[in-house]
Amino acid sequence: MMALHIQENVPLAPLTTFKTGGPARFFCTAKSEGELRQAIEFARSRRIPFFVLGGGSNVLIPDRGFFGLAIKNEIKVTQFIERREEVSLVAGAGENWDALVAMTVQKNLYGLENLSGIPGTVGAAPIQNIGAYGVEVADVLSHVDVFDAEEMKEKRFDVQECMFSYRNSLFKSAHGKRFIITAVGFVLKKEGQCRIHYKDLALAFNDTRENITPQKIRSAVLEIRKQKFPDLTECGTAGSFFKNPIIDEAEYLNLVSRYRELPGYPEKNGKIKIPLAWILDKVCLLKGYRKGNVGLFSNQPLVVVNYGNATTEEIINFTREVSQKVFEAAGLTIESEVRILGEIDLQFATQVIHSSS
Ligand code: EPU
């Protein structure tokens, strides 16, 4: 087996969509499970932490950089397996998410079309259970293949074992951090029903409810996204920075008594999900709010933007200020959706180091 090429002091900012943060002390790409194993062994032998980078579209790297090994997951493969009414698709973690969606849509397969236009890689999709326009990746996923960095062996999790919920999964939990996703399996349908119940999509298909194909959904979603999200080639962003709060009915009713128009979407557990964009826009009047190089996007205030040469610290301070304002105005405690490389990840790496010593 070829020796892994480990680089030193590699800037990570260009590998993230926020375009901030410092370098990695060590860096390598992993194009296969074998290379992933070698990379983890390198980190173990040096007793340094590691973390895995996909498309860098949901992570903030600290300005001081990362003193361990950053592993860019570039495991690639796409395999379509024909079944009767379905097609199984297995894709490598390092594949580009939207290129995969485009490929399925081109084959007229139903399942991933609502998730068009999301930046990032296939391997990152299950970690936060990406979701948009009425579909979550958990709805179409069959299994996730991982490399267990503690036991140093491959494992497969079926969809139940992944413990998916809104923007959450096993892979985000402290226990699940040891599992590095290598491939994801999906079940797609040859004939299907497009899902257009999400408000923006329903509006887009208002007059024409017939002959809606995955291709038409994809085009509509890409069009909606163009209106709502900044162009990634022009500024830094990681899409929604915060999660939409999920609150008790009593708390929801209390808010509605103050803000009569506040939308609310019932969750399976009896709780209610509210659009934070609405609170930021209508309650906090923060739409387009900007401080120096950082701001809330003028078309979608849930989106935090690096307009120029922002540092990670500026972004974090800005988002803390926004959280504080939301708490003061609406009494809501909000959580970030974007991961900040830091304590949690390092704790995970420490665990790995301990288990090898
Ligand atoms: N709204 C406003 N003012 C605005 C924008 C939105 O009041 O300027 C209100 C409206 O009531 C609107 C509601 O907020 O109906 C929801 O807005 P939107 O449909 O844009 O969705 P979102 O809840 O803000 C979520 C996801 C996005 C995903 C969209 C579409 C999260 C954290 N974000 O945003 O995902 O694309 O739905 O399904 O759940 C991401 O995770 O990075 C992401 C972009």
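A few remarks follow.
- Figure legend. Inter-residue proximity from the stretch 33-54: first residues in contact (Cβ under 8 Å) with a residue 12 or more places away in the chain, second residues part of a helix (DSSP H, G or I) and of a type in the set (Lys, Arg), beta-carbon distance below 9 Å, spacing 6+ or different chains. Indicated pairs: Phe50/Arg44.
- In the stretch 141-179, residue farthest from the ligand (Cβ to nearest atom) [restricted to those that are surrounded by 21 or more Cβ atoms within 10 Å (Cβ to Cβ) and among the β-branched types (Val, Ile, Thr)]: Val146
- On the stretch given as the stretch 96-132, residues that are buried (at least 22 other Cβ atoms within 10 Å of the Cβ) and of a type in the set (D, E, K, R) total 1.
- Residues of the stretch 285-305 classified as more than 11 Å from Val322 (Cβ to Cβ), more than 9 Å from the ligand (Cβ to nearest atom) and crowded, with 22+ Cβ neighbours inside 10 Å, total: 1
- Output for the stretch 196-229, where each listed residue is under 21 Å from Ala99 (Cα atoms), more than 11 Å from the ligand (Cβ to nearest atom) and of a type outside the set (Val, Ile, Thr): Pro214, Gln215, Lys216, Arg218, Ser219, Ala220, Leu222, Glu223, Lys226
- Residue count for the stretch 237-272 satisfying the condition of being within 8 Å of the ligand (Cβ to nearest atom) and not in a loop (DSSP other than H, G, I, E, B): 4.
- Against the list (1) in contact with a helix residue (DSSP H, G or I) (Cβ under 6 Å, 6 or more places away or on another chain); (2) modelled with pLDDT of 95 or more; (3) within 16 Å of the ligand (Cβ to nearest atom), the condition Thr182 fails is (3).
- Residue list for the stretch 51-90, filter: more than 23 Å from the chain's Cα centre (by Cα), surrounded by fewer than 17 Cβ atoms within 10 Å (Cβ to Cβ) and either hydroxyl-bearing (Ser, Thr, Tyr) or more than 23 Å from Lys31 (Cα to Cα) (or both): Arg64, Glu82, Arg83, Arg84, Glu85
- Close pairs from the stretch 110-136: first farther than 24 Å from Glu85 by Cα, partner away from the ligand (no atom under 12 Å from the Cβ) and at pLDDT below 95, Cβ under 6 Å, at least 6 apart: Ile127/Lys172
- From Glu161, Glu191, Glu150, Glu210, residue being in contact with a His (Cβ under 9 Å, 6 or more places away or on another chain) and part of a loop (DSSP other than H, G, I, E, B): Glu161
- Taking first residues from the stretch 221-237 that are within 24 Å of Tyr198 (Cα to Cα) and partners that are surrounded by 13 or more Cβ atoms within 10 Å (Cβ to Cβ) and of a type in the set (Lys, Arg), no Cβ contact under 7 Å between residues at least 6 apart in sequence or on separate chains turns up.
The values are calculated or read from the model by the stated rules, or taken from the named source; none is laboratory data. All values reported here derive from a predicted model rather than from experimental measurement. Cβ sites come from the backbone with ideal geometry, for glycine too, and all protein chains shown count toward neighbours.
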